[in-house]
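Contents: one structure, followed by commentary.
The values are calculated or read from the model by the stated rules, or taken from the named source; none is laboratory data. Source: prediction; values computed, not measured. We place every Cβ from the backbone using ideal geometry, glycine too, and count neighbours over all the protein chains shown. Calculation scope for accessible area: heavy atoms of the full protein, side chains included, ligands and nucleic acids excluded. Shrake-Rupley method; radii C 1.70, N 1.55, O 1.52, S 1.80 Å.
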Amino acid sequence: MKKKLFIAASVLLVVSCSNDMDFTTAMNTDDQATVPVKVRVNDFSVTKEEMANGEGMTRTATEPGGYSSLKAIDLAFYSGTTEVVRLSQNLSSPSSYTTFGEFSFDLPVGSYTMVAIGRDMYTGDVFTLTSPTAAAYTSERPRETFCHVQQVTVTESPLDLEVTLNRITAMLTIKSTDSRPEGIASIRTTYAKGGKAFNPTTGKATSDTGFSQTNSPSTAVGSTITVSSCPFLATAADVEEQINITIEVLNADNEVLITKTIENVPFQRNCKTVLSGALFTVGTSAASFKVETSWGTQKDVDF
């Protein structure tokens, strides 16, 4: 059966009488009425549902820290193009939060654009958020990313908002069916389209010129390998895009030992594309690779 898998985080925005605050505001709040604001990520839910009729839904809710690919949360409020509040939490740095997924701060009464981003994170990652329409991974690798942008009006009355963070990346997983030989240090994957920068409001890539990412397999010599990457696509969430993928096997001196090119590989936001084949065997045809998806609509393509 065809299944759709999507993962969402519920975020509750509450304007209340809390005095808990730990942030620096970019707006001069002198002579302005301010209202305490609390943003809380309540849970991270995994839902499977039938694409045809929506029946057979199962749901498992976990705390934000319970999903392995949610390691950082960025929250920003903008007044026009001016950033008023920016808060970030890193799951591995307890000093950045009291409870992961909970934020407390004050905002002046007014209208704002709220940007909430949940993302995977590893050492060396550099992520920038500059506006509700501009964000980017300026380090080598984009990560699995969830996002929500919403207009918020802060008044003197309590305000409760419940929103959903949606995954805005696709994923490519490369699996070798042959074993890793000695002398193989890394795998470089090059996308002909897609990018590492995106518009949080639309979820689309803001650059569609492609990029390269290098992974160092953790499996030992003699074992099969699996490497993954998460591109942003310039297409809408419900549109499938075909991208040419080049896979290069490198030695310790970054010399190319083997090159495989797979044309017209299907990608779609919130969908995983799996390429599996004889990666380390010289002379094998790229046509032996198979493509399937497991996050979104199930489909198999032989080419």
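Is it the case that the range 97-120 has a residue that's hydroxyl-bearing (Ser, Thr, Tyr) and closer than 19 Å to Thr206 by Cα?
No, every residue in the range 97-120 fails to be hydroxyl-bearing (Ser, Thr, Tyr) and closer than 19 Å to Thr206 by Cα.
Return yes when Ser79 is among the hydroxyl-bearing types (Ser, Thr, Tyr) and within 28 Å of Tyr191 (Cβ to Cβ) and no when it is not.
no
Go through the range 259-271 and give me each residue that's surrounded by 18 or more Cβ atoms within 10 Å (Cβ to Cβ) and more than 17 Å from the chain's Cα centre (by Cα).
Those that are surrounded by 18 or more Cβ atoms within 10 Å (Cβ to Cβ) and more than 17 Å from the chain's Cα centre (by Cα): Lys260, Ile262, Val265.
Kindly provide the set of residues from the range 80-97 that are in contact (Cβ under 8 Å) with a residue 40 or more places away in the chain, in contact with an Asp or Glu (Cβ under 9 Å, 6 or more places away or on another chain) and open to solvent by 60 Å² or more (accessible area, probe 1.4 Å), ordered by number.
Arg86
Collect the residues in the range 117-155 that are in a loop (DSSP other than H, G, I, E, B) and farther than 27 Å from Thr173 by Cβ, keeping them in residue-number order.
Scanning the range 117-155 gives Pro132, Thr133, Thr155.
When the range 84-110 is examined, which residues are found to be farther than 20 Å from Phe146 by Cα, out of contact with any Gly (no Cβ under 9 Å at 6 or more places or on another chain) and in a strand (DSSP E or B)?
Ser104, Phe105, Asp106, Leu107, Pro108, Gly110
Among the numbered criteria (1) out of contact with any Gly (no Cβ under 9 Å at 6 or more places or on another chain); (2) over 19 Å from Ala170 (Cβ atoms); (3) charged (D, E, K, R), which single criterion is violated by Lys260?
(1)
Within the range 213-225, does at least one residue satisfy the condition of being at pLDDT below 90 and open to solvent by 30 Å² or more (accessible area, probe 1.4 Å)?
yes
Scan the range 169-199 for residues that are within 20 Å of Leu129 (Cα to Cα), open to solvent by 10 Å² or more (accessible area, probe 1.4 Å) and not in a strand (DSSP E or B) and report the count.
Result for the range 169-199: 2.
When residues of the range 119-158 are filtered for being out of contact with any Lys or Arg (no Cβ under 9 Å at 6 or more places or on another chain) and open to solvent by less than 10 Å² (accessible area, probe 1.4 Å), how many remain?
The number of residues fulfilling the criteria is 3.
Would you check which residues across the range 272-293 are modelled with pLDDT under 90, in contact with a Leu (Cβ under 9 Å, 6 or more places away or on another chain), open to solvent by less than 50 Å² (accessible area, probe 1.4 Å) and part of a loop (DSSP other than H, G, I, E, B) and list them?
Result: Phe289, single match.
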